[in-house]
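Take a look at the structure below.
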Amino acid sequence: MSATRYFPTPSDRMGFLWTLTSIEDCYVIEFGPAGTTHFAVEGVMELNAEHRMNVYTTHLSEVDITFGRYDKLAGAVREIDAAHRPGYIFVMASSVSALIGVDIESICLELQDGVEARLIPAPYGGYDGDYNLGVERALLALAQYVMKDCRPRERIYNLVGCNIDACHFESDRTEIETMMEKVFGLKRNACLTAYTSIEEIEKAPQAQFNLVIRAEGIKTAEFMKQKWGIPYVYGRPYGLSGTLSWLYGVAEEFGLAPDMDYLTGQAEEIRKYLGQYKRMLRRASCRDAVIYGDFDTAWGISGLLEELGLSVRSVFVKHAPTGEKPEEERVVFKPPEDRLKDSVSGEYYAAFGDDTLRQLCGGKRFFQIANPDMDRYRFYPLTPLVGFHGALYLLQELMNREREKG
Amino acid sequence: MLNLDEKISRLADVKSNEEVRSLSYAKFPGTHCPLFGVAMIASFISDLAVLVVGTGECTYYSKGFAYGNQAGKDNFHSLVVGKTDLTFGCGKKLLEALRQIEAGEKPEAVMVVTTCVLEVIGEDLESLLLESQPKFSARLLLVSTEHFKCGSHIPGMERALFSLAGLLEKKEKISKSMNILGHRRHGVEKTEVISALRKEGVSLCGIIPSNCRIADIQEASRASLNVVTDFTALKLAGEMEKKLGIPFVYFGRHLEKERIDREYCKIEELLGVSLLPHLEEKREELSLLEEKAKALFAGKSFIYGNTPMMAFEVSEYLCSLGMVPLFIQIREYYEEERPDMDRILARGYNPYIAQLANIAPMQEVYDLLKPDLYLGHENPMALFQKGIVQITADEAIEKIGYEVPLSFLRKIIGVYESALNSPGVPAGMMSMMGMGMPPAGTALEKPSSRPGAEYWLGKLRELAGGESVPDKKTGFSGLGEMPPVMAEALAKGNMPAVSHAMPKGGKP
């Protein structure tokens, strides 16, 4: 623990809630002080996303804490069950109830017989790790508790790990869906979890395969593979070669025939501007790019930038590693603010990051690739960073900056 | 069927906070916490460093609030505590963080804000800061914000304001000078009270917390009178009276003419000035508006949700205009509101009382009580579909004096008349969102000669074999004036999304 001047790293509890918050018909009851829930609901707006789940708080009093009472929680669970008849209720701890050792799992067991909804315990107080851990846990909980075995398999796929906490999530999803349709003629089944519904998640096992676009979805995909035999590929497509290799991986793994006319058309379009940009770049005295974001975004964009002719010395990741730490030495997890500041205090070509990096570099040659992104709207769904259009969009933005320089 | 008498109390039975019950166990969205209250106050003071000590979410969200409030120029620092810190204490790390802040920004003061988990473990940070103060050149202030001991963000505001007394030292007084305490909007200079006082040659020393730097707060020691415009600053005013001998007048956001008269008289007496003669016109305008309101609202019933004023004072004022209170939602029981509660009872009304910030079970209450009006923030479409006119009164927070009831009455009369004249449009919602009727004679007012989106949608529907008809339920065809994102969110009753879809310029 050390003090931070800029935004601190969001906690696992926040990641868990963010992952659920974009699911329609999802019910969550938080056992904690009301302000915790109120802040969380408003915090979703700061992510440039819509809150769609039904979240409730019990509030907690000093007496509840002193005597370990949970009658408010029991009352709230019964009330929501009776009033809304939801399929599932996530029973969520708060930092306070987790600290005093309220046993959410036992309470769920005790209450389960008296209610129709399936109670899903979420005993997380936000002490276990960063938001990526919460995203991972929430995705897995959905697979374990909500998904139903639905056969037969259809020629559709699930998108696992498209969540509202990622900047550009909506545009990125649109781009991946477009590519899957144009290249393979395939439509998406369930999206875990941006703007989805409980029903959509229940039917996720109908899909032929899973596309996992962030590391936090791997455990879920593994679970689905073990339980229903649904294969998956993990990766996030950035840049021309990155996107082509990602599509190749998908085609090979699942035996799909790509539409080569579409692929060559897209590749030609990008190459046209890629060459132009590389010529522009010859004038640049420094080509160092600074990157700070969620792991898959930061790492993916580093490949894209190198393809464009920029150099990436370090890839700064906002959170601790999900699972095992990658061997790449350039990847730095949770850099201290001073190190980030140093990275933009000297000469650099462009900085790609969140509001913290934007503030640290004074907005100079800055591109937003991560949240928090407090000052901008992001509802237009066609400004991706992934895929062919992501590469084109970023090229366009970089070339405009070059033109502005004159 | 909801039985209100089983769930909650009526006014006659409310004698303490115990009788202020919630309509349900499961609440949405729930009240804000004291940390939010502190952030509301501290983010006004531009050079005050704030160190929030707590969980990732407490620190992150309060930082986000301050960032928004101060356009990215906030001084909020975060010290995120983990399991080890909560087991072994975090005193050392707190001092290290303070040293880091002092070395970096050299602030004149740091407000250390502790959150729920710190209060649960009960680490004595107050003694630690007192003991360590000599080692720091910055003045250290401590504010605790545990939400499990209270029901709202109000104690956080009170404590944050009170803590500022730690920055004050006795100074030579300036005669005929004053501070404004508790005002949380920029532009206090334009308010009625300040304008009237300026005409009488009274100078302004400090406005706390708005328009404020630490030096301004320190300058407040020189004033000869404190005018408290919000009850959250009463404790600070009391401390300033005790410590610095500055008397205070509580000039709350009153609505009743006689109360405002009394507050003005107190200021006149304490400063030896004459204010009421400057305000005759406003008093007369108020009397006229009150007459108009009485004619318009006689016998109309209302549910009180929230306004920037005191719940029972607003309700009693509405009763004085001939309205009938059915249900009043409040944060907590405040003894100061007892006289207004008794006045409502004396009129023969005995409304239901419940805790606020719990809108889900209220939907059933509307069907049960069928009010004409709803005062406060709620889902505008839900109210509109039930035929309830919604009125918000946030503007009142910027006012002091007769302009409070004047702006309040203008608003409620305007919205209610609009609702009567255009029954197909949710007037309260449009007004709340700054989307009222366009100015006369502008392009917005005139319908375009070109066919609009609705026309083409209708044509397309015809092609698709469907009919083009307005929504039969509401008679409101298409929410056409709103951005589609907002319209969709409204139709779903998703209020966070509605406010998200509002222009960002509208952020505080």
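On alpha-carbon atoms, Rg over Rh for the stretch A:130-192 using Kirkwood Rh? Expressed as Rg/Rh, it is 1.02. Listed from fewest to most Cβ neighbours within 10 Å, the set A:T36, A:T178, B:T229, A:T356 follows the order A:T178, A:T356, B:T229, A:T36. DSSP beta bridges confined to chain B are antiparallel in about 5 percent of cases. A dipole drawn for the protein assembly as shown from +1 and -1 charges on Cβ atoms has a positive end, and of B:N211, A:V233, B:V120 the residue lying farthest that way is B:N211. For chain A, the longest principal axis of the C-alpha atoms and the axis of helix A:387-405 are separated by about 60°. Placing a label point 7 Å from the Cα of A:Q144 along the Cα-to-Cβ direction, the residues of the stretch A:82-114 whose backbone N falls under 13 Å from that point are A:91, A:105-106. Loop-located GluC sites (Glu not before Pro) across the stretch B:170-236 with a Cβ neighbour count of 14 or fewer within 10 Å are B:E172, with loop assigned by DSSP. One Cα centroid belongs to the stretch B:115-184, the other to the stretch A:167-196; the line between them spans 50 Å.
Each Lys and Arg contributes +1 and each Asp and Glu -1, all at the Cβ; summed about the Cα centre of the stretch A:1-97, the dipole is approximately 140 debye. If R0 is 60 Å, the Cβ-Cβ spacing of B:R10 and A:A320 corresponds to a FRET efficiency of close to 0.65.
Within the same chain, lysines fewer than 8 places from A:K187 are excluded, and of the rest, those with a Cα less than 18 Å from its Cα are A:K203. Roughly speaking, what % of Cα-Cα pairs in the stretch B:31-77 are separated by over 16 Å, rounded to a whole number? Tail of P(r) above 16 Å: 25 percent of Cα pairs. In chain A, the longest principal axis of the Cα atoms and the axis of helix A:71-84 are about 70 degrees apart. Protection proxy ranking, highest mean first, for peptides B:134-147, B:412-425: B:134-147, B:412-425, where packing is the per-residue count of other beta-carbon atoms within 10 Å, averaged.
Applying a threshold of 26 Å to the alpha-carbon distances of A:K341/B:K83; B:K27/B:K370; B:K243/B:K266; B:K83/B:K235; B:K190/B:K282 flags A:K341/B:K83; B:K83/B:K235 as lying beyond it.
With θ taken as phi - 60° and the Karplus curve 6.51 cos²θ - 1.76 cosθ + 1.60 applied, the whole-hertz 3J(HN,Hα) list for the stretch A:374-384 is 6, 9, 10, 7, 8, 9, 6, x, 10, 10, x Hz, x standing for glycine and proline. For the stretch B:148-266, the convex hull drawn through the C-alpha positions has a volume of 114 cubic angstrom per residue. Over all Cα atoms in the stretch B:183-322, the spread is summed up by Rg and Dmax: 16.9, 52 Å. Karplus-based coupling profile of the stretch B:326-341, in residue order and whole Hz: 9, 7, 10, 9, 10, 6, 8, 7, 10, 4, 4, 8, 3, x, 5, 4, with θ = phi - 60° in 6.51 cos²θ - 1.76 cosθ + 1.60 and x standing for Gly or Pro. Counting only Cβ charges, +1 for Lys and Arg and -1 for Asp and Glu, the dipole size of the protein assembly as shown around its Cα centre is about 1800 debye. Modelled label positions at A:F333 and B:E256, each set 7 Å beyond Cα in the direction of Cβ, lie 6.4 nm from each other. In a DSSP loop and with at most 16 other Cβ atoms within 10 Å, the trypsin sites (Lys or Arg not before Pro) in the stretch B:62-107 are B:K73. Taking every Cα-Cα distance in chain A and sorting them into 20 Å bins from zero, the calculated P(r) comes out as 27, 54, 18, 1 percent. By the rule of a C-alpha distance below 13 Å, with chain neighbours fewer than 8 residues away ignored, the aspartates and glutamates paired with B:K176 are B:E200, B:E268, B:E269. Only the Cβ atoms of Lys and Arg (+1) and of Asp and Glu (-1) were treated as charged; on that basis the dipole of the stretch A:46-136 about its Cα centre amounts to roughly 260 debye. Over all alpha-carbon pairs of the stretch A:46-204, lay out the pair-distance distribution in 10 Å bins, whole %, shortest bin first. Calculated P(r), rounded to whole percents: 9, 32, 33, 18, 7, 1, 0.
Sequence-distant contacts, meaning Cα pairs under 8 Å at least 6 residues apart, place the relative contact order of chain B at 14 percent. Mean per-residue shielding of peptide B:144-154 is 4, counting Cβ atoms of other chains within 10 Å of each Cβ.
Diagonalising the gyration tensor over the Cα atoms of the protein assembly as shown and scaling each eigenvalue by 5 before taking the square root yields semi-axes of 47, 34, 29 Å, largest first. Size estimate for the stretch A:230-378 follows the Kirkwood approach: the inverse of mean 1/r over distinct Cα pairs works out to 16.9 Å.
Projected label points at A:M280 and A:Q396, each 7 Å from Cα along the beta carbon direction, are separated by 1.3 nanometres. For A:I89, the amide hydrogen comes within under 5 Å of the amide hydrogens of A:R118, A:L119, A:I120, counting only partners 5 or more places away or on other chains and with H modelled in the peptide plane.
How large is the Rg to Rh ratio of the stretch A:9-101 when both quantities use alpha carbon positions and Rh follows Kirkwood? Ratio of gyration radius to Kirkwood radius: 0.97.
Sequentially through the stretch B:5-15, phi angles give Karplus couplings (6.51, -1.76, 1.60; θ = phi - 60°) of 5, 7, 8, 9, 9, 9, 3, 4, 8, 8, 10 Hz, Gly and Pro residues having no value and appearing as x. Short-range pairs are left out: with C-alpha atoms under 8 Å and at least six residues apart, the relative contact order of the stretch B:1-72 is 22 percent.
Averaging Cα coordinates gives a centre for the stretch A:50-75 and one for the stretch B:245-309; these two points are 40 Å apart. For B:K135, a cut-off of 21 angstrom between C-alpha atoms picks up these lysines, skipping any fewer than 8 places away in its own chain: B:K92, B:K93, B:K106. With a 10 Å cut-off around each Cβ of B:16-27, the average count of Cβ atoms from other chains is 5.
The orientation-averaged projected area of the convex hull spanned by the Cα atoms of the stretch B:153-223 comes to 5.0 nm². Kirkwood radius and radius of gyration were both taken over the C-alpha atoms of chain B, and their ratio Rg/Rh is 0.99. With contacts taken as Cα pairs under 8 Å and at least 6 residues apart, chain A reaches a relative contact order of 17 percent. What is the pair-distance distribution P(r) of the stretch B:83-215, computed from all Cα-Cα distances in 5 Å bins starting at 0, with each bin given as a whole percent? Reading the bins upward from 0: 2, 8, 15, 16, 17, 15, 11, 7, 5, 3, 1, 0. At the listed q of 0.20, 0.25, 0.26, 0.27 Å⁻¹, the Debye profile of the stretch A:175-243, built from one uniform point per Cα, gives log10 I(q)/I(0) equal to -0.92, -1.33, -1.39, -1.43. Could you work out the mean count of beta carbons from other protein chains within 10 Å of each residue's beta carbon in B:35-47? The per-residue average across the peptide is 1.
What translational diffusion coefficient, in µm²/s and rounded to a whole number, does the Stokes-Einstein relation yield for the stretch B:231-386 at 10 °C and a viscosity of 1.306 mPa s, taking the hydrodynamic radius as the Kirkwood radius over Cα pairs? Rounded to a whole number, D works out at 89 µm²/s. In chain B, helices alone account for a calculated mean residue ellipticity at 222 nm of -12500 deg cm²/dmol, with every DSSP H run of four or more residues adding -39,500 (n - 2.57).
Ordering B:L79, B:A39, B:Y25 by the projection of their Cα atoms onto the charge dipole of chain B, which places +1 on the Cβ of Lys and Arg and -1 on the Cβ of Asp and Glu, puts B:L79 at the extreme positive end.
Take the Cα of B:A298, go 7 Å toward its beta carbon, and the backbone nitrogen atoms of the stretch B:319-348 under 19 Å from that spot belong to B:319-325, B:347-348. Go ahead and collect, in residue order, the members of the stretch B:394-417 whose backbone nitrogen is under 13 Å from a label point 7 Å along the Cα-Cβ direction of B:E280. Within reach of a label on B:E280: no residues.
Relative to the longest principal axis of the Cα atoms of chain A, the long axis of helix A:131-141 makes an angle of roughly 60 degrees. Exposure proxy ranking for A:V331, A:V28, based on other Cβ atoms within 10 angstrom of each Cβ and starting from the fewest, stands as A:V331, A:V28.
Using the Cβ-Cβ distance between B:E291 and B:K199 with R0 = 35 Å, the FRET efficiency computed as 1/(1 + (r/R0)^6) comes to roughly 0.75.
Read-outs throughout are calculated quantities, based only on the coordinates presented, and are distinct from any laboratory measurement. For clarity, every value in this text was computed on a predicted model and none was experimentally measured. Cβ coordinates were reconstructed from backbone atoms using ideal geometry, including for glycine residues, and neighbour counts include every protein chain displayed.
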